[in-house]
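J.: Here it is: the structure, laid out below.
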Amino acid sequence: MLNRRQFLRRFGVSAATLPFLAGLPSLTGAPLPQKRQRLVIMFSPNGTLPKEFWPDAAGDEIALKPIMQPLEPFKNRTLVLQGIANKVRGDGDNHMRGMSCLLTCNELLPGNIRGGGGTPAGWASSISIDQEIKNFLQSRPETRTRFGSIEFGVAVPDRAGTWTRMSYAGANQPVAPVDDPYQMFAKLYGRMKDRDSLVSILDDVRDDLTRVSAKLSARDKALLDQHVTLVRNLEQELSSTDTSNKLAHPMPELDPSIELVNDNTPQISRMQIDLLVNALANDMTRVATLQYMRSVGQAQMRWLGVEEGHHSLSHEPDTNAVSYEKLRKINTWFAGEFAYLAKRLADTPEPAGDGSMLDNTLLVWTNELGKGNSHSLDNIPCVMIGGGAGFKMGRSLKFDQAPHNRLWMAVAKAMGHDISSFGKAELCEGGALELA
């Protein structure tokens with residue numbers, strides 16, 4: 001594999017072309033096929049509706065419930081895990097522990113952040129599983145990437161708190177997701193022009209791409225064309241978007257606990273997913289998170305005909321038929337975004353081998369609560385799609401309230417990182433869950 005300096009010297013191209021070319025096997029000299037295992041963890045908040053979400057029975061045949069219907073095209077590549085529980089206790093309320101312990105599996109630090117119940121708490125006390133796996137992959141030359149991990153957000157407020165952060169580089173070190181596609185585009189593709197007069201990055205690298213294209217295999221040339229087309233489309237979307245109104249998530253002045261999520265959130269979501277897939281395709285990273293809103297978030301999803309805040313709706317009793325239907329719509333929308341992510345990966349050829357990128361990418365969709373109106377940390381939603389992990393897909397499993405520590409141990413092991421414990425040690429008894 002070529003390092004950055006060798007790559008530039010060998011092909012005589014500018015640094016601006018690296019995001020387009022560095023992951024193409026026929027240029028880097030990587031042997032084919034080169035298996036690239038990837039992990040994407042997607043989060044949506046405020047629990048789910050169990051009767052509309054969980055299959056009626058465990059087994060090798062999944063009968064998808066209404067919320068899960070968008071996943072029907074991927075049913076044979078889906079693994080539903082029921083009975084996963086967050087058993088971490090200590091300071092903080094269930095929303096706080098549900099969010100900041102979701103990927104860390106350890107108690108919160110003492111602090112003065114007060115939730116709706118329980119004792120005050122601080123940030124997470126240990127590293128999150130995405131960052132743990134990132135560090136493992138970055139420690140090996142053959143799996144090291146430009147970023148290691150990338151944290152995407154959709155309508156995540158700037159205000160940091162235990163309800164808004166799930167990724168941690170270590171104790172007391174929250175990792176903030178980037179929820180502005182313009183900022184993410186700049187991060188991935190380097191130097192950007194002024195926001196008010198966006199000029200295409202492709203204009204700067206066109207000559208380099210033309211010259212290098214002659215050295216590409218047919219497969220890589222097609223992948224580069226796809227990559228360039230997506231970047232061009234994203235540039236056009238970003239340049240035509242009124243960023244001051246549509247890409248911002250303004251906080252109301254009177255109540256800082258409620259974020260006003262703009263009506264363009266569905267478009268932002270798709271742009272972020274496209275950028276995520278692009279980053280994975282060009283091997284900028286092999287670990288990513290995609291966080292929608294936040295725990296206790298009052299997102300107003302008017303594009304679904306929902307005017308009320310999400311968190312308030314999640315507290316309504318199941319007998320409130322109007323609220324129940326609105327929650328079903330909200331959770332089905334999240335499932336649709338998860339399905340779109342899977343489809344984008346399924347439609348993208350694997351750059352360094354046969355099949356599609358989904359064949360080597362494990363997608364995990366989860367939540368900080370099992371059910372909103374009970375604040376339950378039991379039966380946390382957990383759905384996996386994809387391949388590369390060695391798990392047996394196309395089925396539904398039911399565990400007896402297995403600690404979620406053991407789930408993330410299984411994911412780490414599938415990524416080649418065979419850890420004997422993760423998070424709170426006493427919750428790791430029994431080792432990694434058996435999902436093969």
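The values are calculated or read from the model by the stated rules, or taken from the named source; none is laboratory data. Please read all numbers here as calculations on a predicted model, not as lab measurements. So basically every Cβ, Gly included, is an ideal-geometry build from the backbone, and we count neighbours across all protein chains shown. Quick note on the areas: whole protein, heavy atoms, side chains included, nothing else; ligands and nucleic acids left out. Shrake-Rupley method; radii C 1.70, N 1.55, O 1.52, S 1.80 Å.
J.: How large is ³J(HN,Hα), in whole Hz, for each residue of the range 221-233 in order, when computed from phi with the Karplus curve 6.51 cos²θ - 1.76 cosθ + 1.60 and θ = phi - 60°, using x for Gly and Pro?
T.: Rounded to whole hertz, the list is 5, 5, 5, 5, 4, 5, 4, 4, 4, 5, 4, 4, 5.
J.: Under a Cβ-Cβ cut-off of 14 Å, what is the net charge of the residues other than SER374 that fall near it, where Lys and Arg count +1 and Asp and Glu count -1? Could you put the intermediate results ahead of the total?
T.: Numbers: positive: LYS51, LYS371; negative: ASP93, GLU316, ASP318, GLU368, ASP378.
Counting the neighbours of SER374, the net charge comes to -3.
J.: Let me ask you something else. So what's the back-of-envelope 222 nm ellipticity for the chain, counting only DSSP H runs of four-plus at -39500 (n - 2.57) apiece and dividing by all residues, rounded to 500?
T.: Values: 14 runs with 145 residues, N = 436.
Mean residue ellipticity, 222 nm, calculated: -10000 deg cm²/dmol.
J.: Let me ask another. How much accessible area per residue does the chain have, in Å², with a 1.4 Å probe?
T.: Working: 16790 Å² over 436 residues.
I get 39 Å² per residue for the chain.
J.: Return the whole-Å distance between the Cα centroid of the range 124-147 and the Cα centroid of the range 313-386.
T.: Here the two parts' Cα centres lie 24 Å apart.
J.: Could you tell me what percent of the accessible area of the range 98-161 is made up of carbon and sulfur, with a 1.4 Å probe and every protein chain present? Mind dumping the intermediate values first?
T.: Working: 1150 of 2370 Å².
For the range 98-161, the apolar C and S fraction of the accessible surface comes to 49 percent.
J.: If Rh is defined by the Kirkwood formula over all Cα pairs and Rg also comes from Cα, what ratio Rg/Rh do you get for the range 273-322?
T.: On the way: Rg = 16.5 Å, Rh = 13.6 Å.
Reported Rg/Rh, Kirkwood definition of Rh: 1.21.
J.: Where the only charges are on Cβ atoms (+1 Lys, Arg; -1 Asp, Glu), what is the dipole of the range 272-359 about its Cα centre, to the nearest 20 debye?
T.: Numbers: 8 positive and 12 negative charges, 49 e Å.
Its charge dipole is roughly 240 debye.
J.: Over the Cα atoms of the range 304-436, how large are the radius of gyration and the largest Cα-Cα distance (Dmax), in Å?
T.: Expressed in Å, the Cα Rg and Dmax of the range 304-436 come to 17.7, 52.
J.: For the pairs LYS215/LYS343; LYS392/LYS413; LYS75/LYS371; LYS75/LYS392; LYS75/LYS398; LYS51/LYS398, note any where the Cα-Cα span goes beyond 21 Å. Can you show the working numbers first?
T.: Working: LYS215/LYS343 30 Å; LYS392/LYS413 15 Å; LYS75/LYS371 24 Å; LYS75/LYS392 12 Å; LYS75/LYS398 17 Å; LYS51/LYS398 15 Å.
Exceeds cut-off: LYS215/LYS343; LYS75/LYS371.
J.: Something else about it: Ignoring ligands, DNA and RNA, what percent of the accessible area of the range 273-324 is carbon or sulfur (1.4 Å)? All intermediate terms of the calculation are to be shown ahead of the outcome.
T.: Values: 760 of 1460 Å².
Result for the range 273-324: 52 percent of the exposed heavy-atom area is carbon or sulfur.
J.: Among PHE11, PHE147, what's the order by accessible area (1.4 angstrom probe), most exposed first? Please list the in-between numbers first.
T.: Details: PHE11 25, PHE147 45 Å².
Of PHE11, PHE147, the descending order of accessible area is PHE147, PHE11.
J.: Related question: Mind pulling the angle between the C-alpha long axis of helix 321-346 and the longest principal axis of the chain? Nearest 10 degrees, somewhere in 0 to 90.
T.: 30 degrees
J.: Shifting gears a bit: Got a number for the accessible area of TRP365? Probe 1.4 Å, square angstrom, nearest 10.
T.: 10 Å²
J.: Classify the range 77-177: rounded, prolate or oblate, from the alpha-carbon gyration tensor (a ≥ b ≥ c, eigenvalue square roots; a/c under 1.5 rounded; otherwise prolate if a/b is larger than b/c)? Can you show the working numbers first?
T.: Details: a/c = 1.86, a/b = 1.53, b/c = 1.22.
It is prolate, given that a/c is not under 1.5 and a/b is the larger ratio.
J.: What are the principal axis extents of the Cα atoms in the range 300-364, in Å, biggest first?
T.: Here the spans come out as 51, 20, 15 Å, largest first.
J.: When you count, for each residue, the other Cβ atoms within 10 Å and take the mean per peptide, how do 280-286, 342-348, 204-210 rank with the highest first?
T.: Details: 280-286: 23.6, 342-348: 19.6, 204-210: 15.6.
Most protected by this proxy first, the peptides run 280-286, 342-348, 204-210.
J.: Please figure out what share of the DSSP beta bridges in the chain is antiparallel and state it in percent, rounded to the nearest 5.
T.: Values: 17 of 42 bridges.
Here the antiparallel bridges make up roughly 40 percent for the chain.
J.: Follow-up question, since we're still on this one. What is the log10 of I(q)/I(0) for the chain, computed with the Debye formula using one identical point scatterer on each Cα and no solvent, at q = 0.09, 0.10, 0.12 Å⁻¹?
T.: Debye intensities relative to I(0), on a log10 scale: -0.55, -0.69, -1.00.
J.: Let me ask something else. Place +1 on the Cβ of every Lys and Arg and -1 on the Cβ of every Asp and Glu in the range 344-411, take the dipole about the Cα centre, and give the residue among GLY353, PRO403, MET393 whose Cα lies farthest towards its positive end.
T.: PRO403
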